[in-house]
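Just below is one structure, and these are the notes that go with it.
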Amino acid sequence: MKRLICLAIFLSALSQNIFAQQANNQPNLANIATATGQGGGYGRLNDGQMPVNNNQRPNGRPVKYLDKQWVQYEWQQPIATRQIGLYWHNFNGSIRLPKAYRIEYWDGNAFVPVKHLSGAEIQNDKLSTVSFDEITTSKLRLEADSTDRQITPLQEWIVYQTEGSAGYAPVVIAGVDRDVMLNGKTYLSGRVRSATPVQSMVWTKVSGPGNVTFSDVNAKEGSATFSAPGNYQLSFTATNATTKSASTLKVKVCLPPPAKRLDVVYTRRYKIDSKLWNDRAKAMIVNWIPFCIDQCERTDLKEGEGGIDNFIEAAKALHGQPHGKHKGYVFSNAWVHQTVEAICEALMVDPQGDKEIIAAQEKMQRTLDKWIPIILAAQEPDGYLQTAYTLRDTSRWHDRWSPRESRGNHEGYTAGYFIESAINHYTLTEGKDKRLYNAAKKLADCWVANLGPGKKEWYDGHQEMEQALVRFGRFVNDQEGHQSHGDSYVKLAKFLLDSRKGGSEYDQSHVPVQQQYEAVGHAVRATYNYSGMADVAAETGDVDYQSAVMSIWDNLVNKKYYLTGGIGSGETSEGFGGNYSLGNGAYCESCSSCGLIFFEYKMNLAYHDAKYADLYEETMYNALLGSLDLDGKNFLYTNPLAAAEPRYQWHVCPCCVGNIPRTLLMMPTWTYVRGDNGLYVNLFVGSTIKVDKIAGTDVEMIQRTNYPWSGKVTMIVNPQQSKEFTVYIRVPNRTTSNLYTTVPQVNGLKSISVNGKPLTPKIVNGYAIVRRLWKKGDRIDLELPMEVQRVTADEKIAADRGKVALRYGPLLYNVETADNKDITKAISNQPLTLKWNNDFLHGIMTINGTWSDGSPLLAIPNYSRLNRVPTTPTPESEKPKYVEGAPVSTVWMNKNE
């Protein structure tokens, strides 16, 4: 959640030195190069814009990677040069210039120094020209000594073409592959980089089952429509004075989702009857949530960790009383609201006589009784609520929703969490206590009154309000009828999303959301953005939204998705790298897993397709469930697939601490959804859950199962009145992403029966369809196939080449040095067996086999990893420190070739 803003802040205008770029009238070959280096973010060097000294300082915390740091250009064909231009800037003394630098080129075998370098003095705030003997190369590297923040002082790097040398083809980028709804349009945005002027550009159809109509075949930007569903390939060609280049993109034309989405099953009081989930719920209820409460009530925490004390001081300020300053980050209200929501959900779990759970729930109820008046007292008279604003420094923060000041102030982020907490408080009290609900309506109404068409256009730098407004709008309509004003909240959510443009990929504001086709930027912001977009698409039927959402989903799941269901490689600030860039030292922030579960759930509602539930089950069991230790006393902010990092109690930015339990304990919502003619079963969890309004009656659903350890599931269907309706049962597909291949394939159903009578149901969109006149006590028995699977990754994922992972049911497995002396060996090809271990790691099924040298191998579920690594105190740094040395835990093992 920390905002480590890109340091390239000088790129918006041209300086008086711009003419020096063409000082010798030679083309700038940097325009057609790709810039790479340590840490990324080097596109500023060859963007064709010279910086302006505006006396600003770089944002973000200092990061020193190595004493020697490098950046390089790479060309698609060899180029000839003997002169470069460098523009260095020390950000007005806030960072240091390097002590020295070297220029090297690729000679076909290695990087070697250029010869007879002259003019290499480092000059601040001036474009300097550097000469050397002519070279022909495809790579040019600059290596600097002792510089801060990668090589941030280098702001522009020009490479002059040698006079009289041959011309070079332009670099053409057609754009990212994407999906589009039939009868919708895809927005084209081709890019051309050329060292010499471009003479022509043209779009053409290469292949596809139907006709393609371009809005303007000769324009870089425009749109295309398609006459039939299927896979297409488009080409974009650019020609300069000497040659031409082309680039292609793939477009998948899809059928739109059903006209009506499925309906939400709200989390109400329910009972868990599952060895695994009873254990995990108890850990959260007895230990983790009470710990979060205690932390939120502390007044001695450092830096960003303000809690309930901010609400107390804000209430004083609103009443004209002496008050303290706001503590911590501007978004520190978030973990209070998350904790309130987690408390409400925990209080809906039937304790079934467990004295520890009962005692913890009593503490939680006392906390709600104390906190709710405190929170409401901090709400401003018109409904606005954010203590950082109420307690602000008025000389620096002037207005609400000010584009210049407030996009980084998380006004919507904190408000969204408050609104979502109000939903679960309402369902906890069955609508008898409407204090938070009414306050949430007042807050939402305040936003509607101030933002929207004809009012103020604005968006938050950190999304959350968008999905909260749609979630709340649906809820208000469901509670009060569609004549209420819940629709106004949905419309505002769309307006906030529509306002995102002219910004950066970091917060998904680089282009309008309808034209976003790739998962980029900060992964938590991204998933909240995409979740809100999926909501709006489902509510409004907007075809552009549907196309963008499906494109983003396809890109994320099939090009940027970890085997564990986690997302975010961390190559950008807490975010995504490029396609297939999935290193196992992954960031995979716990909050991004929460956001991804919401996103996949919204896709399930929209498309009535079980594959989205397959995906959120995978993320839940593997990426999120293990973010807490088995005792519920320590957590992981990040979740790498190869780790030596112990868990810790808290974090300087505790954004995940309440988000984890508030997501995991929303079990009824994830387990069931409603349709016009039936009930959808998405998760298999031993439980008793009431589902409202199925064919005009309420239905109690009882599941008895030891899943995920066993594939046998029994469901008792108890309608309040005998009714005919359909039960749609998810048939798990263990191949959730095109990135991964499992052997053997384990899909389908082994068996299914109703009241002892075997069935062969029709399976549509991953659901087995069972329709009948249901009466109390009707019983469905099914068995899902469960086998150990070996998983390999697409060869495009460099980190996983030659490696294999193990899977059983929805669970990915992990090997640890606590059980295996050496986890760097190859796994053998010998058969693997399963063993139930009741007293090991709270009861797990282990996978047992051998390493290639014949020594025994033991693998444990990924969620139970790192429970035998000593915990550490709260990390002091913004990002947790990693233990030095080789990983002690890994998902991917070397394959025995």
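Only the coordinates and a few stated rules stand behind these numbers; no lab work does. The shown structure was predicted, so the numbers you read here are calculated from the model rather than taken from an experiment. Cβ atoms come from the backbone with ideal geometry, glycine included; neighbour counts cover every protein chain shown.
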Set the bar at 29 Å for Cα to Cα. Now go through Lys494/Lys723; Lys370/Lys442; Lys355/Lys633; Lys271/Lys723; Lys559/Lys602 and name every pair that lies beyond it. Lys494/Lys723
Three-way shape call for the range 256-388 based on the alpha-carbon gyration tensor, with the a/c threshold at 1.5: oblate
When only Cα pairs under 8 Å and 6 or more residues apart are kept, what is the percent relative contact order across the range 197-308? 18
Just from its helices, what would the mean residue ellipticity at 222 nm be for the chain, if runs of 4 or more DSSP H residues each count -39500 (n - 2.57) and the sum is divided by every residue, rounded to the nearest 500 deg cm²/dmol? -7500 deg cm²/dmol
So for His842, His116, fewest C-beta neighbours within 10 Å to most, what's the order? His116, His842
At a 10 Å Cβ-Cβ cut-off, how would you order Trp401, Trp774, fewest neighbours first? Trp401, Trp774
Remind me, relative contact order of the range 770-836 in percent, using alpha carbon pairs under 8 angstrom and six or more residues apart? 22
Quick one: compute a quarter of the convex hull surface over the Cα atoms of the chain and quote it in nm². 38.6
When only Cα pairs under 8 Å and 6 or more residues apart are kept, what is the percent relative contact order across the chain? 9
For the residue pair Asn848 and Asn450, what label-to-label distance in nm results when each label sits 7 Å from Cα along the Cα-to-beta-carbon direction? 6.3
Per-residue ³J(HN,Hα) for the range 533-540, Karplus 6.51 cos²θ - 1.76 cosθ + 1.60, θ = phi - 60°, Hz, x for Gly and Pro: 5, 4, 4, 5, 4, 5, 7, 9
How many lysine pairs does the range 788-895 hold where the Cα atoms are under 22 Å apart and the two sit 8 or more places apart or on different chains? 7
Sticking to Cα atoms, compute the Rg of the range 673-811 to one decimal and its Dmax as the biggest Cα-Cα distance, whole number, in Å. 17.4, 57
Whole-Å distance linking the alpha carbon centroid of the range 372-423 with that of the range 502-551 is 24
Need the list of lysines near Lys139 for cross-linking: C-alpha distance under 17 angstrom, and skip anything on the same chain fewer than eight residues off. Lys115
Long-range HN-HN contacts of His410 with modeled amide H, under 5 Å: Gly461, His462
With θ set to phi - 60°, apply the Karplus curve 6.51 cos²θ - 1.76 cosθ + 1.60 along the range 770-782 and write out the HN-Hα couplings as whole Hz, x wherever there is a Gly or Pro. 10, 10, 6, 7, 8, 9, 4, x, 4, 10, 10, 10, 9
Sort Asp460, Asp542, Asp631 so the one with the fewest other Cβ atoms within 10 Å of its own Cβ comes first. Asp631, Asp542, Asp460
List the residues, sorted by chain then number, that are 5 or more residues from Tyr329 or on another chain and whose placed amide H is less than 5 Å from its amide H. Gly304, Glu305, Gly306
Output ³J(HN,Hα) for the range 312-327: one whole-Hz value per residue in order, computed from phi by the Karplus curve 6.51 cos²θ - 1.76 cosθ + 1.60 with θ = phi - 60°, and x for Gly and Pro. 4, 5, 5, 4, 4, 4, 5, 9, x, 9, x, 8, x, 7, 5, 9
Below 19 Å, Cα to Cα, which aspartates and glutamates can Lys757 reach? Residues fewer than 8 away in the same chain don't count. Glu724, Asp778, Asp781, Glu783
